[in-house]
1. Taking interchain pairs and intrachain pairs at least six residues apart, which have beta carbon atoms under 6 angstrom, with the first residue in the stretch A:85-104 and more than 10 Å from every other protein chain (Cβ to nearest Cβ) and in contact (Cβ under 8 Å) with a residue 60 or more places away in the chain and the second exposed (fewer than 15 other Cβ atoms within 10 Å of the Cβ) and part of a strand (DSSP E or B)?
2. Just for the stretch B:110-135: of the residues that are touching a His at 6+ places or on another chain (Cβ under 6 Å) and touching a residue at least 60 places away in the same chain (Cβ under 8 Å), which one is farthest from the other protein chains (Cβ to nearest Cβ)?
3. When you go through (1) touching a Ser or Thr at 6+ places or on another chain (Cβ under 6 Å); (2) of a type in the set (D, E, K, R); (3) free of Cβ contacts under 8 Å to residues at least 60 places away in the same chain one by one for residue B:223, which number turns out not to apply?
4. Filter the stretch B:154-165 down to the residues that are within 9 Å of chain A (Cβ to nearest Cβ) and part of a loop (DSSP other than H, G, I, E, B), then identify the one that is nearest to the chain's Cα centre (by Cα).
5. Could you pull out the residue among B:186, B:168 that is among the small types (Gly, Ala, Ser) and within 14 Å of chain A (Cβ to nearest Cβ)?
6. Only one of these conditions is not met by residue B:235: (1) within 23 Å of residue A:73 (Cβ to Cβ); (2) within 12 Å of another protein chain (Cβ to nearest Cβ); (3) at pLDDT 95 or above. Which number is it?
7. So which residues in the stretch B:91-132 are out of contact with any strand residue (DSSP E or B) (no Cβ under 8 Å at 6 or more places or on another chain), loosely packed, with under 15 Cβ neighbours inside 10 Å and among the acidic types (Asp, Glu)?
8. Which ones in the stretch A:26-82 are among the polar types (S, T, N, Q) and either surrounded by 15 or more Cβ atoms within 10 Å (Cβ to Cβ) or more than 14 Å from chain B (Cβ to nearest Cβ) (or both)?
Amino acid sequence: MKYGILAFVLLVTPLAAPAAHAADAMVVLKNFDFSPMDVTVSPGSTVTWKNMDGEPHTVASADGLFRSPALDQNDTYQFKFDKPGVYKYICSIHPKMRATITVK
Amino acid sequence: MTEPTNRRDALKCLGVGAGTLFTLQGGVFSAFDLAEAREDMGTPLFLQISDTHIGFNKDANPDVVGTLNRTIDMVNAMPKQPGLVLHTGDVSHLSKASEFDTANQLLSRLRVSEMHVVPGEHDVTDGPGTEFFARFGKPSNNRGYYSFDAHGVHFVALVNVMNFKPNGLGGLGDDQMAWLKDDLAGRSASQPIVVFAHMPLWTIYEPWGWGTGEGEEIAGLLRRFGSVTVLNGHIHQIVQKVEGNILFHTARSTAYPQPQAGNGPGPGPLVVPAAQLPGMLGVSTAVVRKKKLSLTDAALA
């Protein structure tokens, strides 16, 4: 019985870790668009952006909370969202590229 | 008129491909062959170089240093050197200090010592007052926009990549517009004006942001002048328009071509067969001849 519980804990722990990270999200920048354009995550989640275009892009929030350097092709940028809210952002080089991260 | 055989010979001598020269006088617009233009070209007023994109290394051109060097060799080989160089932005690809340093090192090889530079959006991704301005901000007190007179011509350098409009067009912003009005007010209508900025100052293609929000207002300020030349880069291809006495001209890049307006998902680097690339890269030069300002585009091949 004792061994049974231990085996259960060992089995569950590695599974629990990815579950916690499942709240993290990935956004790709491709063909002059963010995809997906609207992402919802829980507080404490990290969002990763990856530029797939040959043209550089940036990730810049409307309120100045986060702003990436120019991302070349295959470059990534990460930001951790701690507080709930709706965060609008654009590519500052191509400001028609607009998207939203919702934290709740 | 020059005979076709002579034209070909002249082109061979120059080591450049087909070019077209545009002359503007009293609103009448006419095109000449480059070889004819060379016959009494005189001293070029300025050279326009644009979109050097130092730091770019993708398929569209893995060797932007090489093509810039070839461009500089071509300019240095001109029999008469231009009085000054206008760089219409995107000196760097990613606003990195190392990219600007490499660009400066390469451009210092030009025999023309006076260079004026406006930023492209690639040069200021790190915001105002940083790498670009540390190198090129002095004439404008770090504003980026300024004016100067040379050889009887009034030159106006504008920044339209730091106040984007919500629809993606470039913008000058209120402070710069007020400064421009003031700069042009009271100036004689007979003085030739050259305005240069990175993004097109007239709308070429709005879905890709190829234009400037205040474009109409700026054109309104320029209409009373007898000779106006508006230069930009950004779109990596030659597009021209004449409106009254205003000639709008966008220059080629020295780094890589971009698609024609609306052709594809967006204005990214265009990959072409290697043999075609040199013909799509190059510079523009301008001469004043009998009070006319003429522009010549020269490609690398």
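The values are calculated or read from the model by the stated rules, or taken from the named source; none is laboratory data. Note that the structure is predicted; figures quoted are calculated from it, not measured. Here the Cβ is made from the backbone with ideal geometry for all residues, glycine too, and neighbour counts use every protein chain on show.
1. So the pair list comes out as A:100/A:38; A:100/A:88; A:102/A:40; A:102/A:86; A:103/A:85.
2. Within the stretch B:110-135, the match that is farthest from the other protein chains (Cβ to nearest Cβ) is B:118.
3. Answer for residue B:223: the failing condition is (1).
4. Among those that are within 9 Å of chain A (Cβ to nearest Cβ) and part of a loop (DSSP other than H, G, I, E, B), it is B:164.
5. None of the others qualify; the one that does is B:168.
6. (2)
7. Of everything in the stretch B:91-132, just one residue is out of contact with any strand residue (DSSP E or B) (no Cβ under 8 Å at 6 or more places or on another chain), loosely packed, with under 15 Cβ neighbours inside 10 Å and among the acidic types (Asp, Glu), namely B:101.
8. Within the stretch A:26-82, A:40, A:42, A:45, A:46, A:48, A:51, A:58, A:61, A:68, A:73, A:76, A:78 qualify.
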